[in-house]
Amino acid sequence: MADLMEKIVSLCKRRGFIYQSSEIYGGVESLWDYGPLGALLKNNIRNLWLKKFVQGREDVVLIDGTVLMHPKTWKASGHLESFTDPLIECKKCHSRFRGDELAKKKCPQCGNEELTPTRQFNLLFKTFLGPVEDKAHVTYLRPETAQSMFTDFKLVQESQRLKIPFGIAQMGRCFRNEITTGNFTFRSREFDIAEIEYFVEPGKDEKQFEVWLDNWERFFLGLGLKKENLRRHEHSKKSLSHYSKRTVDIEYKFPFGWAELAGVANRTDYDLKRHSQFSGEDLAYFDEEIKKKYYPYVIEPTMGLERALLAILCDAYTEIKGGRTKTTKAAKEIEVVLKLNKKIAPIKVAVLPLVKNKPELLKKAREVFEILRAHFMVRYDEVGSIGRRYRRQDEIGTLFAVTIDFETLKQEDVTVRDRDTMQQERIKINKLSEFLNKKIR
Ligand code: GAP
(Lines give C-alpha, C1' and ligand atoms only; values in the text may rest on other atoms or scores of the structure.)
Protein backbone atom coordinates (compact mmCIF):
# COMPACT_ATOMS: atom_id res chain seq x y z
CA MET A 1 0.00 0.00 0.00
CA ALA A 2 2.94 2.33 0.68
CA ASP A 3 3.91 1.50 -2.86
CA LEU A 4 0.54 2.83 -4.05
CA MET A 5 1.16 6.09 -2.20
CA GLU A 6 4.54 6.44 -3.94
CA LYS A 7 2.89 5.92 -7.31
CA ILE A 8 0.31 8.60 -6.55
CA VAL A 9 2.99 11.05 -5.38
CA SER A 10 4.95 10.40 -8.56
CA LEU A 11 1.89 10.82 -10.81
CA CYS A 12 1.03 14.08 -9.04
CA LYS A 13 4.45 15.51 -9.75
CA ARG A 14 4.82 14.16 -13.28
CA ARG A 15 1.43 15.30 -14.48
CA GLY A 16 1.20 18.62 -12.64
CA PHE A 17 -1.18 17.97 -9.75
CA ILE A 18 1.03 18.58 -6.71
CA TYR A 19 4.66 19.65 -6.22
CA GLN A 20 6.74 20.23 -3.16
CA SER A 21 6.91 23.94 -2.40
CA SER A 22 10.21 25.69 -3.26
CA GLU A 23 11.59 22.47 -4.69
CA ILE A 24 14.53 24.18 -6.40
CA TYR A 25 15.81 25.05 -2.91
CA GLY A 26 15.41 21.50 -1.69
CA GLY A 27 11.74 21.89 -0.78
CA VAL A 28 10.10 22.66 2.55
CA GLU A 29 8.61 19.88 4.61
CA SER A 30 4.83 19.72 4.53
CA LEU A 31 4.29 22.65 2.21
CA TRP A 32 2.82 21.81 -1.18
CA ASP A 33 2.06 23.70 -4.37
CA TYR A 34 -0.90 22.70 -6.48
CA GLY A 35 0.06 22.62 -10.14
CA PRO A 36 -2.19 23.31 -13.15
CA LEU A 37 -4.28 20.15 -12.70
CA GLY A 38 -4.24 20.13 -8.89
CA ALA A 39 -5.40 23.75 -8.77
CA LEU A 40 -8.33 22.98 -11.10
CA LEU A 41 -9.25 19.87 -9.13
CA LYS A 42 -9.20 21.80 -5.87
CA ASN A 43 -11.35 24.51 -7.40
CA ASN A 44 -13.89 21.93 -8.54
CA ILE A 45 -14.15 20.54 -4.98
CA ARG A 46 -14.60 24.09 -3.66
CA ASN A 47 -17.33 24.78 -6.19
CA LEU A 48 -19.22 21.61 -5.36
CA TRP A 49 -19.12 22.47 -1.67
CA LEU A 50 -20.38 25.99 -2.43
CA LYS A 51 -23.09 24.69 -4.70
CA LYS A 52 -24.35 22.15 -2.21
CA PHE A 53 -24.15 24.10 1.02
CA VAL A 54 -24.43 27.78 0.05
CA GLN A 55 -26.23 27.98 -3.29
CA GLY A 56 -28.32 24.93 -2.40
CA ARG A 57 -29.49 26.17 1.01
CA GLU A 58 -31.48 29.21 1.99
CA ASP A 59 -30.24 29.02 5.56
CA VAL A 60 -26.46 29.17 4.93
CA VAL A 61 -24.48 32.28 3.95
CA LEU A 62 -20.85 32.62 2.91
CA ILE A 63 -18.23 34.94 4.39
CA ASP A 64 -14.55 35.52 3.65
CA GLY A 65 -12.65 36.52 6.78
CA THR A 66 -8.99 37.36 7.33
CA VAL A 67 -6.17 34.99 8.19
CA LEU A 68 -4.81 37.45 10.78
CA MET A 69 -7.25 38.44 13.50
CA HIS A 70 -7.16 40.42 16.73
CA PRO A 71 -4.79 38.55 19.07
CA LYS A 72 -7.51 38.36 21.73
CA THR A 73 -9.43 36.06 19.38
CA TRP A 74 -7.03 33.24 20.15
CA LYS A 75 -7.17 33.80 23.89
CA ALA A 76 -10.96 33.71 23.80
CA SER A 77 -11.12 30.70 21.49
CA GLY A 78 -8.87 28.71 23.81
CA HIS A 79 -6.29 28.05 21.08
CA LEU A 80 -3.46 29.80 22.91
CA GLU A 81 -3.92 27.47 25.82
CA SER A 82 -5.23 24.26 24.32
CA PHE A 83 -4.27 24.00 20.65
CA THR A 84 -1.38 21.70 21.41
CA ASP A 85 0.00 18.30 20.53
CA PRO A 86 2.18 16.16 22.80
CA LEU A 87 5.82 16.58 21.74
CA ILE A 88 8.75 14.25 22.43
CA GLU A 89 12.32 14.99 21.37
CA CYS A 90 15.22 12.60 20.85
CA LYS A 91 18.11 13.70 23.09
CA LYS A 92 20.66 12.49 20.57
CA CYS A 93 19.55 13.56 17.08
CA HIS A 94 16.97 16.14 18.27
CA SER A 95 14.25 14.82 15.96
CA ARG A 96 10.80 15.70 17.22
CA PHE A 97 7.76 13.44 17.27
CA ARG A 98 4.14 13.48 18.34
CA GLY A 99 3.97 11.62 21.65
CA ASP A 100 0.66 9.99 20.72
CA GLU A 101 2.15 8.55 17.51
CA LEU A 102 5.32 7.06 19.02
CA ALA A 103 4.72 3.32 19.32
CA LYS A 104 7.95 2.44 21.20
CA LYS A 105 10.09 4.45 23.61
CA LYS A 106 12.74 4.73 20.95
CA CYS A 107 13.66 7.40 18.39
CA PRO A 108 12.29 6.28 14.99
CA GLN A 109 15.04 8.34 13.34
CA CYS A 110 18.25 7.10 15.04
CA GLY A 111 17.08 4.35 17.41
CA ASN A 112 18.29 6.16 20.52
CA GLU A 113 16.27 5.32 23.65
CA GLU A 114 16.93 8.56 25.50
CA LEU A 115 13.90 10.75 24.87
CA THR A 116 12.65 13.90 26.59
CA PRO A 117 9.45 13.69 28.65
CA THR A 118 6.30 14.65 26.74
CA ARG A 119 5.51 18.35 26.70
CA GLN A 120 2.63 20.22 25.09
CA PHE A 121 3.62 22.04 21.90
CA ASN A 122 1.39 24.85 20.59
CA LEU A 123 0.68 24.54 16.87
CA LEU A 124 -0.13 28.21 16.24
CA PHE A 125 2.16 30.12 13.87
CA LYS A 126 3.23 33.32 15.55
CA THR A 127 3.79 36.63 13.75
CA PHE A 128 3.72 40.39 14.35
CA LEU A 129 1.16 42.97 13.25
CA GLY A 130 2.90 46.10 12.01
CA PRO A 131 6.57 47.09 12.05
CA VAL A 132 7.31 46.60 15.74
CA GLU A 133 8.32 43.10 16.76
CA ASP A 134 7.41 43.14 20.43
CA LYS A 135 5.00 41.27 22.69
CA ALA A 136 2.22 43.81 22.24
CA HIS A 137 2.13 43.19 18.48
CA VAL A 138 2.12 39.41 18.47
CA THR A 139 -0.67 37.68 16.65
CA TYR A 140 -1.20 34.29 15.00
CA LEU A 141 -2.09 32.86 11.60
CA ARG A 142 -5.51 31.26 11.92
CA PRO A 143 -5.47 27.48 12.47
CA GLU A 144 -9.18 27.20 11.52
CA THR A 145 -11.63 29.47 9.69
CA ALA A 146 -14.29 29.09 12.37
CA GLN A 147 -13.35 32.03 14.58
CA SER A 148 -14.35 34.87 12.24
CA MET A 149 -17.73 33.21 11.86
CA PHE A 150 -18.15 33.64 15.63
CA THR A 151 -16.68 37.15 15.87
CA ASP A 152 -18.86 38.25 12.91
CA PHE A 153 -21.91 36.32 14.14
CA LYS A 154 -23.97 39.39 15.04
CA LEU A 155 -22.95 41.41 11.98
CA VAL A 156 -23.92 38.57 9.67
CA GLN A 157 -27.14 37.69 11.48
CA GLU A 158 -28.39 41.28 11.62
CA SER A 159 -27.32 42.39 8.14
CA GLN A 160 -28.88 39.31 6.51
CA ARG A 161 -31.89 39.24 8.88
CA LEU A 162 -31.26 35.57 9.62
CA LYS A 163 -33.27 33.56 12.10
CA ILE A 164 -31.99 30.58 14.06
CA PRO A 165 -31.34 27.94 12.81
CA PHE A 166 -28.89 29.25 10.20
CA GLY A 167 -25.33 28.67 9.14
CA ILE A 168 -22.29 30.71 8.21
CA ALA A 169 -19.89 29.07 5.79
CA GLN A 170 -16.31 29.88 5.02
CA MET A 171 -13.36 28.36 3.26
CA GLY A 172 -9.81 29.57 3.26
CA ARG A 173 -6.18 29.27 4.22
CA CYS A 174 -5.23 27.89 7.63
CA PHE A 175 -1.84 27.32 9.20
CA ARG A 176 -0.63 24.79 11.75
CA ASN A 177 2.94 24.21 12.84
CA GLU A 178 2.51 20.43 12.78
CA ILE A 179 5.07 18.26 14.59
CA THR A 180 4.72 15.11 12.52
CA THR A 181 4.59 15.46 8.82
CA GLY A 182 4.86 12.86 6.05
CA ASN A 183 2.15 10.91 4.23
CA PHE A 184 2.32 13.40 1.37
CA THR A 185 -0.18 16.25 1.80
CA PHE A 186 -2.13 14.58 4.61
CA ARG A 187 -0.66 16.73 7.37
CA SER A 188 0.41 19.99 5.78
CA ARG A 189 1.47 23.13 7.57
CA GLU A 190 -0.60 25.35 5.30
CA PHE A 191 -3.93 24.18 3.91
CA ASP A 192 -7.53 25.17 3.16
CA ILE A 193 -10.43 24.37 5.42
CA ALA A 194 -14.07 24.52 4.29
CA GLU A 195 -16.43 24.63 7.24
CA ILE A 196 -19.88 25.69 8.34
CA GLU A 197 -20.92 26.97 11.74
CA TYR A 198 -24.59 26.06 12.03
CA PHE A 199 -26.30 27.94 14.88
CA VAL A 200 -29.20 26.24 16.63
CA GLU A 201 -31.36 26.65 19.70
CA PRO A 202 -29.81 24.87 22.73
CA GLY A 203 -31.51 21.51 23.13
CA LYS A 204 -31.92 21.10 19.38
CA ASP A 205 -28.20 20.55 18.89
CA GLU A 206 -28.08 16.77 19.20
CA LYS A 207 -30.71 16.20 16.53
CA GLN A 208 -29.00 18.73 14.20
CA PHE A 209 -25.71 16.97 14.76
CA GLU A 210 -27.17 13.76 13.29
CA VAL A 211 -28.68 15.65 10.35
CA TRP A 212 -25.34 17.31 9.52
CA LEU A 213 -23.39 14.11 9.92
CA ASP A 214 -25.63 12.45 7.31
CA ASN A 215 -25.40 15.50 5.03
CA TRP A 216 -21.67 15.61 5.37
CA GLU A 217 -21.17 11.92 4.63
CA ARG A 218 -23.40 12.19 1.57
CA PHE A 219 -21.26 15.05 0.30
CA PHE A 220 -18.18 12.80 0.24
CA LEU A 221 -20.08 10.05 -1.52
CA GLY A 222 -21.17 12.69 -4.04
CA LEU A 223 -17.50 13.50 -4.68
CA GLY A 224 -17.26 9.95 -5.95
CA LEU A 225 -15.51 8.33 -2.96
CA LYS A 226 -16.30 4.64 -2.58
CA LYS A 227 -18.59 3.80 0.30
CA GLU A 228 -16.34 1.00 1.55
CA ASN A 229 -13.48 3.49 1.92
CA LEU A 230 -15.43 5.74 4.31
CA ARG A 231 -16.33 5.14 7.95
CA ARG A 232 -17.32 7.11 11.02
CA HIS A 233 -15.14 7.48 14.10
CA GLU A 234 -16.75 8.65 17.34
CA HIS A 235 -14.27 10.56 19.51
CA SER A 236 -13.90 9.43 23.10
CA LYS A 237 -14.44 12.08 25.79
CA LYS A 238 -10.67 12.18 26.25
CA SER A 239 -9.87 12.93 22.64
CA LEU A 240 -12.42 15.74 22.16
CA SER A 241 -11.16 19.25 21.34
CA HIS A 242 -11.45 21.75 24.16
CA TYR A 243 -14.64 23.25 22.69
CA SER A 244 -16.46 20.07 21.75
CA LYS A 245 -19.25 18.12 23.38
CA ARG A 246 -19.25 15.50 20.61
CA THR A 247 -17.14 14.97 17.51
CA VAL A 248 -17.48 12.33 14.82
CA ASP A 249 -14.73 12.08 12.23
CA ILE A 250 -15.41 10.84 8.75
CA GLU A 251 -12.41 8.67 8.07
CA TYR A 252 -11.03 7.57 4.72
CA LYS A 253 -9.06 4.42 4.03
CA PHE A 254 -5.87 6.01 2.71
CA PRO A 255 -3.07 3.73 1.42
CA PHE A 256 -1.33 4.36 4.78
CA GLY A 257 -4.43 3.37 6.79
CA TRP A 258 -7.72 4.80 8.05
CA ALA A 259 -7.36 8.48 8.91
CA GLU A 260 -9.48 11.59 9.43
CA LEU A 261 -10.83 13.11 6.25
CA ALA A 262 -13.44 15.44 7.75
CA GLY A 263 -15.53 15.83 10.87
CA VAL A 264 -18.64 17.13 12.56
CA ALA A 265 -18.35 18.74 16.01
CA ASN A 266 -20.90 20.00 18.49
CA ARG A 267 -19.10 23.16 19.69
CA THR A 268 -21.96 24.00 22.07
CA ASP A 269 -22.20 27.70 23.02
CA TYR A 270 -18.51 27.72 23.97
CA ASP A 271 -17.23 30.11 21.30
CA LEU A 272 -20.02 32.71 21.35
CA LYS A 273 -19.92 32.85 25.15
CA ARG A 274 -16.13 33.15 25.27
CA HIS A 275 -16.06 35.93 22.64
CA SER A 276 -18.81 37.77 24.51
CA GLN A 277 -16.78 37.50 27.68
CA PHE A 278 -13.46 38.55 26.15
CA SER A 279 -14.77 41.34 23.87
CA GLY A 280 -17.52 42.76 26.06
CA GLU A 281 -19.92 42.54 23.08
CA ASP A 282 -22.98 40.45 23.89
CA LEU A 283 -23.31 37.81 21.17
CA ALA A 284 -26.47 36.26 22.63
CA TYR A 285 -29.42 35.97 20.25
CA PHE A 286 -33.01 37.00 20.92
CA ASP A 287 -35.35 34.38 19.53
CA GLU A 288 -38.56 36.17 18.51
CA GLU A 289 -40.49 32.96 18.16
CA ILE A 290 -40.03 31.73 21.71
CA LYS A 291 -39.34 35.21 23.18
CA LYS A 292 -36.13 34.05 24.74
CA LYS A 293 -32.51 35.20 24.69
CA TYR A 294 -29.80 32.54 24.49
CA TYR A 295 -26.35 31.71 23.21
CA PRO A 296 -26.93 29.45 20.21
CA TYR A 297 -25.27 26.06 20.09
CA VAL A 298 -23.06 25.36 17.09
CA ILE A 299 -22.81 22.29 14.87
CA GLU A 300 -19.70 22.38 12.72
CA PRO A 301 -19.15 20.20 9.65
CA THR A 302 -15.55 20.73 8.58
CA MET A 303 -13.08 19.40 6.02
CA GLY A 304 -9.60 20.07 4.75
CA LEU A 305 -9.76 20.63 0.98
CA GLU A 306 -6.34 19.05 0.45
CA ARG A 307 -7.34 15.97 2.44
CA ALA A 308 -10.46 15.63 0.33
CA LEU A 309 -8.31 16.02 -2.78
CA LEU A 310 -5.86 13.37 -1.57
CA ALA A 311 -8.68 10.94 -0.80
CA ILE A 312 -10.18 11.60 -4.23
CA LEU A 313 -6.86 10.88 -5.96
CA CYS A 314 -6.33 7.66 -3.97
CA ASP A 315 -9.88 6.52 -4.68
CA ALA A 316 -9.70 7.29 -8.40
CA TYR A 317 -6.26 5.80 -9.06
CA THR A 318 -6.77 2.61 -11.09
CA GLU A 319 -4.15 0.38 -12.64
CA ILE A 320 -5.04 -1.89 -15.50
CA LYS A 321 -2.50 -4.63 -15.91
CA GLY A 322 -1.90 -5.68 -19.47
CA GLY A 323 -3.41 -2.46 -20.75
CA ARG A 324 -6.94 -1.86 -21.93
CA THR A 325 -6.24 -2.19 -25.59
CA LYS A 326 -4.93 -5.77 -25.13
CA THR A 327 -2.26 -5.51 -27.80
CA THR A 328 0.82 -7.72 -27.47
CA LYS A 329 2.93 -4.70 -26.59
CA ALA A 330 0.46 -3.59 -23.94
CA ALA A 331 0.37 -7.04 -22.36
CA LYS A 332 3.48 -6.24 -20.38
CA GLU A 333 2.38 -2.77 -19.40
CA ILE A 334 0.29 -1.20 -16.70
CA GLU A 335 -2.17 1.45 -17.79
CA VAL A 336 -3.23 4.06 -15.29
CA VAL A 337 -6.69 5.57 -15.37
CA LEU A 338 -7.70 8.25 -12.92
CA LYS A 339 -11.40 7.52 -12.57
CA LEU A 340 -12.33 10.93 -11.25
CA ASN A 341 -15.96 11.83 -10.80
CA LYS A 342 -17.21 13.81 -13.79
CA LYS A 343 -17.99 16.86 -11.66
CA ILE A 344 -14.45 17.18 -10.34
CA ALA A 345 -12.22 15.96 -13.16
CA PRO A 346 -9.94 18.93 -13.93
CA ILE A 347 -10.03 18.43 -17.70
CA LYS A 348 -13.37 17.43 -19.17
CA VAL A 349 -12.42 17.00 -22.82
CA ALA A 350 -9.26 16.50 -24.87
CA VAL A 351 -9.20 17.46 -28.53
CA LEU A 352 -6.85 15.25 -30.54
CA PRO A 353 -6.16 15.53 -34.28
CA LEU A 354 -5.46 12.00 -35.53
CA VAL A 355 -2.19 12.96 -37.21
CA LYS A 356 0.04 15.99 -37.01
CA ASN A 357 1.19 16.31 -40.60
CA LYS A 358 -2.10 17.36 -42.23
CA PRO A 359 -2.66 21.13 -41.88
CA GLU A 360 -6.42 20.88 -42.72
CA LEU A 361 -6.85 18.37 -39.90
CA LEU A 362 -5.04 20.56 -37.41
CA LYS A 363 -7.09 23.58 -38.51
CA LYS A 364 -10.33 21.65 -37.98
CA ALA A 365 -9.11 20.38 -34.59
CA ARG A 366 -8.36 23.96 -33.48
CA GLU A 367 -11.87 24.98 -34.58
CA VAL A 368 -13.42 22.19 -32.50
CA PHE A 369 -11.16 23.13 -29.57
CA GLU A 370 -12.36 26.75 -29.72
CA ILE A 371 -16.02 25.67 -29.82
CA LEU A 372 -15.64 23.38 -26.80
CA ARG A 373 -13.50 25.59 -24.58
CA ALA A 374 -16.37 28.08 -24.36
CA HIS A 375 -18.20 25.40 -22.34
CA PHE A 376 -15.64 23.13 -20.66
CA MET A 377 -12.06 22.90 -19.47
CA VAL A 378 -10.47 21.44 -22.62
CA ARG A 379 -6.94 20.38 -23.55
CA TYR A 380 -5.57 20.28 -27.09
CA ASP A 381 -2.88 17.67 -27.79
CA GLU A 382 -1.26 16.78 -31.10
CA VAL A 383 2.00 15.25 -29.84
CA GLY A 384 2.64 11.49 -30.14
CA SER A 385 0.61 8.54 -31.38
CA ILE A 386 -3.14 8.60 -30.76
CA GLY A 387 -2.85 5.62 -28.38
CA ARG A 388 -0.22 7.39 -26.32
CA ARG A 389 -2.35 10.53 -26.19
CA TYR A 390 -5.42 8.57 -24.99
CA ARG A 391 -3.27 7.13 -22.22
CA ARG A 392 -1.92 10.53 -21.24
CA GLN A 393 -5.49 11.79 -20.90
CA ASP A 394 -6.64 8.67 -19.00
CA GLU A 395 -3.84 9.20 -16.51
CA ILE A 396 -5.13 12.66 -15.59
CA GLY A 397 -8.77 11.61 -15.58
CA THR A 398 -9.96 13.48 -18.71
CA LEU A 399 -13.54 12.38 -19.28
CA PHE A 400 -13.76 12.45 -23.07
CA ALA A 401 -11.31 12.44 -25.96
CA VAL A 402 -12.54 13.99 -29.20
CA THR A 403 -10.59 12.79 -32.22
CA ILE A 404 -10.55 14.71 -35.48
CA ASP A 405 -9.78 12.38 -38.42
CA PHE A 406 -10.06 12.34 -42.19
CA GLU A 407 -13.79 11.55 -42.05
CA THR A 408 -14.26 14.74 -40.05
CA LEU A 409 -13.20 16.80 -43.03
CA LYS A 410 -15.85 15.17 -45.20
CA GLN A 411 -18.69 14.62 -42.73
CA GLU A 412 -18.24 17.35 -40.08
CA ASP A 413 -18.29 14.73 -37.33
CA VAL A 414 -15.77 13.52 -34.75
CA THR A 415 -15.12 10.44 -32.62
CA VAL A 416 -15.90 10.84 -28.94
CA ARG A 417 -14.17 8.31 -26.68
CA ASP A 418 -15.43 7.74 -23.15
CA ARG A 419 -12.62 7.42 -20.56
CA ASP A 420 -14.25 4.63 -18.56
CA THR A 421 -15.94 2.46 -21.19
CA MET A 422 -13.53 3.37 -24.02
CA GLN A 423 -16.58 3.27 -26.28
CA GLN A 424 -16.44 5.54 -29.28
CA GLU A 425 -19.31 7.39 -30.93
CA ARG A 426 -19.44 9.58 -34.02
CA ILE A 427 -21.02 12.95 -33.24
CA LYS A 428 -21.66 15.90 -35.56
CA ILE A 429 -19.56 18.93 -34.65
CA ASN A 430 -22.64 21.17 -34.44
CA LYS A 431 -24.15 18.79 -31.83
CA LEU A 432 -20.93 18.14 -29.91
CA SER A 433 -21.22 20.74 -27.11
CA GLU A 434 -24.79 19.70 -26.39
CA PHE A 435 -23.85 16.01 -26.42
CA LEU A 436 -20.93 16.50 -23.99
CA ASN A 437 -22.92 18.87 -21.83
CA LYS A 438 -25.56 16.21 -21.25
CA LYS A 439 -22.87 13.67 -20.34
CA ILE A 440 -20.93 15.93 -17.99
CA ARG A 441 -23.62 17.90 -16.12
N1 GAP B 1 -12.80 24.15 12.99
C2 GAP B 1 -12.59 22.79 13.31
C3 GAP B 1 -11.31 22.27 12.93
O4 GAP B 1 -10.44 23.01 12.54
P5 GAP B 1 -9.93 20.06 12.72
O6 GAP B 1 -10.37 18.64 12.78
O7 GAP B 1 -8.78 20.47 13.56
O8 GAP B 1 -11.21 20.94 13.05
C9 GAP B 1 -10.59 20.44 10.23
O10 GAP B 1 -9.61 20.42 11.21
C11 GAP B 1 -10.19 19.62 9.01
O12 GAP B 1 -9.00 20.15 8.46
C13 GAP B 1 -9.85 18.15 9.31
O14 GAP B 1 -11.02 17.36 9.27
C15 GAP B 1 -8.89 17.81 8.20
O16 GAP B 1 -9.60 17.44 7.04
C17 GAP B 1 -8.20 19.14 7.92
N18 GAP B 1 -6.85 19.22 8.51
C19 GAP B 1 -6.54 19.36 9.81
N20 GAP B 1 -5.21 19.45 9.98
C21 GAP B 1 -4.67 19.37 8.74
C22 GAP B 1 -3.35 19.41 8.22
N23 GAP B 1 -2.31 19.58 9.02
N24 GAP B 1 -3.16 19.29 6.89
C25 GAP B 1 -4.23 19.13 6.06
N26 GAP B 1 -5.50 19.10 6.48
C27 GAP B 1 -5.73 19.22 7.80
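The values are calculated or read from the model by the stated rules, or taken from the named source; none is laboratory data. Keep in mind it's a predicted model, so treat the numbers as computed, not measured. FYI the Cβ positions are ideal-geometry reconstructions off the backbone, even for glycines, and counts take in every protein chain you see. Only protein heavy atoms, including side chains, enter the accessible area calculation; ligands, DNA and RNA are left aside. Shrake-Rupley method; radii C 1.70, N 1.55, O 1.52, S 1.80 Å.
Structure summary
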| item | result |
| --- | --- |
| Positive minus negative residues near VAL61 (Lys, Arg vs Asp, Glu; Cβ under 13 Å) | -3 |
| Cα long-axis angle, helix 36-50 against the chain (0 to 90 degrees, to the nearest 10) | 60 degrees |
| Whole-percent carbon and sulfur share, accessible surface of the stretch 290-441, 1.4 Å | 53 percent |
| Partnerless Cys - the chain, beta-carbon criterion under 4.7 Å | CYS12, CYS174, CYS314 |
| Computed [θ] at 222 nm, deg cm²/dmol, the chain (DSSP H ≥ 4; -39,500 (n - 2.57); rounded to nearest 500) | -9000 deg cm²/dmol |
| Per residue convex hull volume, Cα atoms of the stretch 1-52, in Å³ | 101 Å³ |
| Reduced Cα scattering model of the stretch 46-155, Debye log10 I(q)/I(0), q = 0.11 Å⁻¹ | -0.59 |
| By accessible area with a 1.4 Å probe, ligands and nucleic acids excluded, highest first: order of THR151, THR398 | THR151, THR398 |
| Local electrostatic count, GLY16, Cβ distance below 15 Å [Lys/Arg +1, Asp/Glu -1] | +2 |
| Mean separation of Cα contacts under 8 Å, 6 or more apart, over the residue count of the stretch 347-440: relative contact order % | 29 percent |
| Relative contact order for the stretch 1-91, counting Cα pairs under 8 Å that sit 6 or more residues apart, in percent | 14 percent |
| Orientation-averaged projected area, Cα convex hull of the chain (nm²) | 27.1 nm² |
| Cross-link pairs LYS342/LYS428; LYS126/LYS273; LYS51/LYS238 - those with Cα-Cα distance over 30 Å | LYS51/LYS238 |
| Solvent-accessible area of MET377 with every protein chain in place, 1.4 Å probe, in Å² to the nearest 10 | 90 Å² |
| Equivalent-ellipsoid semi-axes of the stretch 347-440, from the Cα gyration tensor, Å, largest first | 17, 16, 12 |
| Accessible carbon and sulfur surface of the stretch 1-140 relative to its total accessible area, %, 1.4 Å | 52 percent |
| The stretch 207-328: radius of gyration and largest Cα-Cα distance (Dmax), Å | 20.3, 78 |
| Which listed pairs, of LYS7/LYS226; LYS163/LYS204; LYS42/LYS75; LYS75/LYS154, have C-alpha distances above 22 Å, in listed order | LYS42/LYS75 |
| Potential extension, LEU4-VAL211 segment - 0.36 nm per residue separation minus Cα distance | 71.0 nm |
| Length added when fully stretched, ARG96-LYS292, from 0.36 nm per residue minus Cα-Cα | 65.5 nm |
| Fraction of antiparallel bridges per DSSP, the chain only, in percent to nearest 5 | 85 percent |
| Accessible area per residue in Å² at 1.4 Å probe, computed on the chain | 50 Å² |
| Relative contact order (%) - the chain, alpha-carbon pairs under 8 angstrom, separation at least six | 12 percent |
| Spatial extent of the stretch 221-261: Rg and Dmax, with the Cα atoms as the point set, Å | 11.9, 33 |
| Area of LYS410 that stays accessible when all protein chains are in place (1.4 Å probe, Å², to 10) | 150 Å² |
| Contour excess over end-to-end distance, with Cα ends at THR118 and GLU360 and 0.36 nm allotted per residue | 80.0 nm |
